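Accompanying notes for the structure given below.
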Amino acid sequence: MNSRPTYAVVGGSRAHLFLETESQNTDSQNTESQNTESQNTDSQNTDSQNTDSQNTESQNTDSQNTDSQNTDSQNTDSQNTDSQNTESQNTDSQNIERLGPVPTPFGLSSPVYRARLREELFLFLPRHGDAGGEIAAPWVNYRANIYALKEHGISRIMAWSGPRALDPSFRVGQYILPIDLMDETRGRETSFYKSTGLGVLRQAPVYCPEMWEAAARALRGLGIEFVSHGVYVCTQGPRLDTAAEARVYRKSGAHLVGMTVAPEAFLAKELEMCYLPICYVSGYAEGVHERETRPGEPLDGALAEAEEAASDEAVRGFSSIAAALFHTLPQERTCSCGLAMARYRRDKSIGEDWHTWLGKP
């Protein structure tokens, strides 16, 4: 895995399910490959036996000598094949490689993984930690995470988020491609350009349109039903929204309420990276469906057991979605995301080295 990927997946809660799914996919591919090799070997053995049975008695002695030589040769070939298989398995076992947190001017990032799935190379960064729950949304180091991905050469980010639905027609586990964002966070560091004159960037569109269209094609190609609209409102957390807040968000035109897409989307744009969140409905905002409070259960009873299973299944699907999305995207970017800071280049406020753009930590 020496190639340098340009794609990244930023994962939300239940990140361990994504990693487990990739490992299972690799094991499945290895098993299929081994089964195919076994079938080919059996076929060759059968052909060899049929040919040997047709030899005349006068050729038996020569045949036995030849068979002996062939056996030695086959044993050597078998050993070589076993060695090659072992090397292949060792390579496949590295399908997911943990690179660890990245030191940045803004502190340590969340851990970074290098991954390969269906020949697509990408980085994976679980923003909440390896297991997906070590650090809650308000305390994620968003600047360090985006900086770390940029430092690794990433230009496109697919982020997943599990917001709650404000729209009662949405189903738990359903995928959503949002089209806009409302930032209701408070106190988070939202810019790389603190104490500078940089970062006055238009947010229309908020998300990369090229990635959005590619994601829609990828989901359709996988036969996955999804909602192709939706406004995501990002709240501070870690607490969930109140019923009154949810009513205000609905009246403001929001369809989903979560805690992670802001400032992540804004920071990616500041470093001229493409960014797209693909959401799955993890539950319902307060007041959308009345649920009795049951302490000790998932979200204190706000999430039914079947809905929790649907959420888990949606997260497991992100590995296939990521591979399909990255395969669908053109190799070269044709969107304007890579030109977000062009105005500042033109007036000589910044140079070509993005490291020199940054403001105070």
Being out of contact with any Ser or Thr (no Cβ under 6 Å at 6 or more places or on another chain), over 25 Å from Y7 (Cβ atoms) and of a type in the set (K, R), is that true of even one residue in the stretch 215-237? no
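Residues are listed down the side, and each one gets a yes or a no for (1) at pLDDT below 95; (2) farther than 28 Å from F18 by Cβ; (3) touching a Phe, Trp or Tyr at 6+ places or on another chain (Cβ under 6 Å); (4) surrounded by 16 or more Cβ atoms within 10 Å (Cβ to Cβ):
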| site | (1), (2), (3), (4) |
| --- | --- |
| G296 | yes, no, no, no |
| L299 | yes, no, no, yes |
| A306 | yes, no, no, no |
| L325 | no, no, no, yes |
| L329 | no, no, no, yes |
| G359 | yes, yes, yes, no |
Over the stretch 331-348, the set of residues in a loop (DSSP other than H, G, I, E, B) and either at positive phi or in contact with a Phe, Trp or Tyr (Cβ under 9 Å, 6 or more places away or on another chain) (or both) is M341, K348
Scan (1) touching a residue at least 24 places away in the same chain (Cβ under 8 Å); (2) in a loop (DSSP other than H, G, I, E, B); (3) of a type in the set (G, A, S) for the single condition A215 breaks and write down its number. (2)
Name, by its number, the condition in (1) open to solvent by less than 70 Å² (accessible area, probe 1.4 Å); (2) modelled with pLDDT of 95 or more that does not hold for F318. (2)
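Being under 15 Å from A215 (Cβ atoms) and of a type in the set (A, V, I, L, M, F, W, C) is the filter here, so list the residues in the stretch 263-288 that pass it.
A265, C274, L276, I278, C279 - these are the residues of the stretch 263-288 that are under 15 Å from A215 (Cβ atoms) and of a type in the set (A, V, I, L, M, F, W, C).
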It is to be established whether one or more residues within the stretch 324-338 are in contact (Cβ under 8 Å) with a residue 24 or more places away in the chain and touching a Gly at 6+ places or on another chain (Cβ under 7 Å). yes
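Could you tell me whether any residue of the stretch 277-291 is within 19 Å of the chain's Cα centre (by Cα), assigned to a loop (DSSP other than H, G, I, E, B), at pLDDT 90 or above and crowded, with 24+ Cβ neighbours inside 10 Å?
First pass over the stretch 277-291, keeping only residues within 19 Å of the chain's Cα centre (by Cα): 277-282.
With the extra rule that they be assigned to a loop (DSSP other than H, G, I, E, B), the set shrinks to 281-282.
Then keep just the ones that are at pLDDT 90 or above; that gives 281-282.
In the following step, the residues that additionally are crowded, with 24+ Cβ neighbours inside 10 Å were identified as 281-282.
Taking every residue of the stretch 277-291 in turn, at least one turns out to be within 19 Å of the chain's Cα centre (by Cα), assigned to a loop (DSSP other than H, G, I, E, B), at pLDDT 90 or above and crowded, with 24+ Cβ neighbours inside 10 Å.
Yes or no: E213 among the acidic types (D, E), within 21 Å of R171 (Cβ to Cβ) and either out of contact with any Asp or Glu (no Cβ under 7 Å at 6 or more places or on another chain) or open to solvent by 10 Å² or more (accessible area, probe 1.4 Å) (or both)?
Working: among the acidic types (D, E): yes; within 21 Å of R171 (Cβ to Cβ): no; either out of contact with any Asp or Glu (no Cβ under 7 Å at 6 or more places or on another chain) or open to solvent by 10 Å² or more (accessible area, probe 1.4 Å) (or both): yes.
Considered against the rule, which asks whether it is among the acidic types (D, E), within 21 Å of R171 (Cβ to Cβ) and either out of contact with any Asp or Glu (no Cβ under 7 Å at 6 or more places or on another chain) or open to solvent by 10 Å² or more (accessible area, probe 1.4 Å) (or both), E213 comes out as no.
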Among the residues of the stretch 221-242, what is the count of those that are open to solvent by 30 Å² or more (accessible area, probe 1.4 Å), in contact with a Gly (Cβ under 9 Å, 6 or more places away or on another chain) and of a type outside the set (A, V, I, L, M, F, W, C)? 2
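The values are calculated or read from the model by the stated rules, or taken from the named source; none is laboratory data. Keep in mind it's a predicted model, so treat the numbers as computed, not measured. Because the Cβ atoms are built from the backbone with ideal geometry, glycine has one as well, and the counts that use them run over all protein chains shown. SASA here: full protein model, heavy atoms, side chains in, ligands and nucleic acids out. Shrake-Rupley method; radii C 1.70, N 1.55, O 1.52, S 1.80 Å.
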